[in-house]
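See structure below.
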Amino acid sequence: MGRLTMKHLLLNTYSRLMPVVGVSLVTLDALKTAVDFYTRLGFIEYSQEPMRKSITPLAIFTSDIGNILDLKKNNHDKEIDMLEGSLKNFVSFKKE
């Protein structure tokens, strides 16, 4: 569920936020126990000095989001619709 949720957040950033706002970097503060999860999605550590010992600051360039979501340049609108449809089906299935 976590991977699907992150893909949905990245998908929304890619399809709705990036075209409107000049976003170049998505950042988050990850618990040390979750760093591997985020790095497998493509996030990288961007600061050597976290605010707290239990937190690791991570970031991903928005230019990499399309690759992470496996979107192809010429066909990304159709693929975005398919990913959003898959997420809606998954969420409605879990509710039943």
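Taken together, the values in this text are just the output of simple stated rules run on the coordinates, not laboratory data. Here the structure is a predicted model, which means the values were calculated and not measured.
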Note, the range 28-42: 3J(HN,Hα) by Karplus (6.51, -1.76, 1.60, θ = phi - 60°), whole Hz, Gly/Pro = x, goes 7, 9, 9, 5, 3, 6, 10, 4, 4, 4, 6, 5, 5, 7, x
Extension gain from ALA34 to ARG3, taking 0.36 nm per residue of separation minus the Cα-Cα distance: 10.0 nm
Near the amide H of ALA30, under 5 Å away, which other amide H atoms are found, from residues 5 or more places off or on another chain, if H is placed in the peptide plane? THR56, LEU58
